[in-house]
Ligand SMILES: [Zn+2]
């Protein structure tokens, strides 16, 4: 059984751009507990008041699966452990587990702590045994375990033995600087395995892209406790990514760790953390990224359609991810068929309009359109080819003007929209031409379609693209929209940015109306 020790709430928050409020931290801890990790490191009470507040709020709560850990350091040099404030705060946190880090590396003992090798050993064993006397389960994090060991193997072993003498329940070897190689991790962990009997853990960083590989390398030397963070959040390039470690343990090594049923919610957990941290999810994240099971090349898609296993290392549903077929000028008939099915249309290889749809997609892509993140526009294109239904509305005319008077600038848009036999003519202001046009279009349409009130633009991206025919550059606008129950992307292309934006806006609202009707 491999224990999973999550430090998203402590080491993860060292990452650039990652801040969690106390309420966020409580919600994340509850989510991690439900998922089934074995330990949740909530923070360092000695380092900031927010973490003290977190442990206060966590006290009355029951965690069903995970044990909560407070993080801190060994006692200060030349001070009795019982009178060290930082250690007292660890006890005040009232968690079942306390994790303390101590120095392995002589360089740090002499230059950073500026103390003697003997005092450092006493700091480690005193603090561990004091916490044990107070009934804590103690995890000892051996900082710089690998760099320290390479420098002076005898001394590093002495520090781990000091932790064992103090009664540590787990000794975690930390690659604090994140620059070690798997072979070194394995050799040094094996050395530790000979020197101590205590359960061994591993804590790695991803500075050279080996965070996960290094953690896994230590398993062969007998490590049964892995520390890391969700989505690999952490200082510099991040920590060992548990979002990869957990499925690898189950599906590649066949070893038990978190409950297998939880793994089907792995993608959801990853997204929940990104949403709470207000980060855009990384589509290229292994296992859980939106692109992790995307197929673009026509030959791949054709093969996947026949035998799923042919181009996928695992069934994406096992970790809650899903297969995506990308439409591009590499696309063949199979892409269109699979994409249309993914979007909910009943299309087979024998559907008569298939060729026409594919030609239309390729023609538009040649003109600069891109459908890979514009499912909404693509669904409309397929729908039009299949059904020939009339459009729910048509923009007959529009006008945009902009005024700047030294202090402020105001944009105004007027728009004329036709819905069946009826017309609407509206005017709206905005802080930019697209914003004004969006406001005018919506106020014209909500009288006919009140449900559009719920549609929001969530992202707007502009890209200048080289024209394939060598004339003026064109503008591609990609819009992301949401109505609270789903999200979709739409695209517009034109020489004029306002015109391109209007196309994407019109597609967004038309898709909002038709997706409900399907
Ligand atoms: Zn760390």
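Just so you know, all these numbers are worked out from the coordinates, no wet-lab data involved. Please read all numbers here as calculations on a predicted model, not as lab measurements. When we count neighbours, we look across all protein chains shown, and the Cβ atoms used for this are built from the backbone with ideal geometry, even at glycine.
Summary of the geometry: the stretch 411-436 and the stretch 312-382, compared by the centres of their Cα atoms, lie 32 Å apart.
Can you sort 313, 205 from fewest to most other Cβ atoms within 10 Å of each residue's own Cβ?
Sorted ascending by nearby Cβ count, the order is 313, 205.
Within the P(r) computed for the stretch 113-241, what percentage of the Cα pairs occupies the region above 18 Å? That fraction is 50 percent.
Compare the peptides 270-277, 215-222 by average per-residue count of other Cβ atoms within 10 angstrom and give them in order, highest first. Walk me through the numbers on the way to the answer.
Values: 270-277: 18.2, 215-222: 20.5.
Ranking, from highest mean packing down: 215-222, 270-277.
Across the stretch 320-396, C-alpha contacts under 8 Å between residues 6 or more apart give a mean separation that, scaled by the residue count, equals a relative contact order of 31 percent. To test your reading of the geometry: what angle, between 0 and 90 degrees and rounded to tens, separates the Cα axis of helix 153-166 from the longest principal axis of the chain? With rounding to tens, the tilt is 80 degrees.
Fewest to most neighbouring Cβ within 10 Å: what's the order for 99, 243, 198? It would help to have the intermediate numbers written out before the result.
Values: 99 30, 243 24, 198 18.
By the 10 Å Cβ count, ascending, the order reads 198, 243, 99.
Once the Cα atoms are used to define both axes, helix 433-445 deviates from the longest principal axis of the chain by about 70 degrees. Across the chain, the relative contact order, built from alpha-carbon pairs under 8 Å that are at least six residues apart, equals 9 percent.
Calculated [222 nm] ellipticity per residue, helices only, for the chain: -11500 deg cm²/dmol; basis is -39500 (n - 2.57) per DSSP H run with n ≥ 4, divided by all residues, nearest 500.
Here the contact order of the stretch 387-443, divided by its residue count and restricted to Cα pairs under 8 Å and six or more residues apart, works out to 30 percent. Taking the average, over residues, of other Cβ atoms within 10 Å as the packing measure, peptides 48-58, 373-383 rank 373-383, 48-58 from highest down. Modelled spin-label separation between residue 315 and residue 252, with each label point placed 7 Å from Cα along the Cα-to-Cβ direction: 2.1 nm.
Against the longest principal axis of the chain, how steep is helix 333-342, in degrees 0 to 90 to the nearest 10, with axes from Cα atoms? Once rounded, one gets 80 degrees. Of all DSSP beta bridges confined to the chain, the antiparallel ones make up roughly 50%. The value given for the chain is a Kirkwood hydrodynamic radius of 26.5 Å, derived from the mean inverse Cα-Cα separation. Could you list 123, 402 so that the one with the fewest beta carbons within 10 Å of its beta carbon is first and the one with the most is last? Neighbour counts put them in this order, fewest first: 402, 123.
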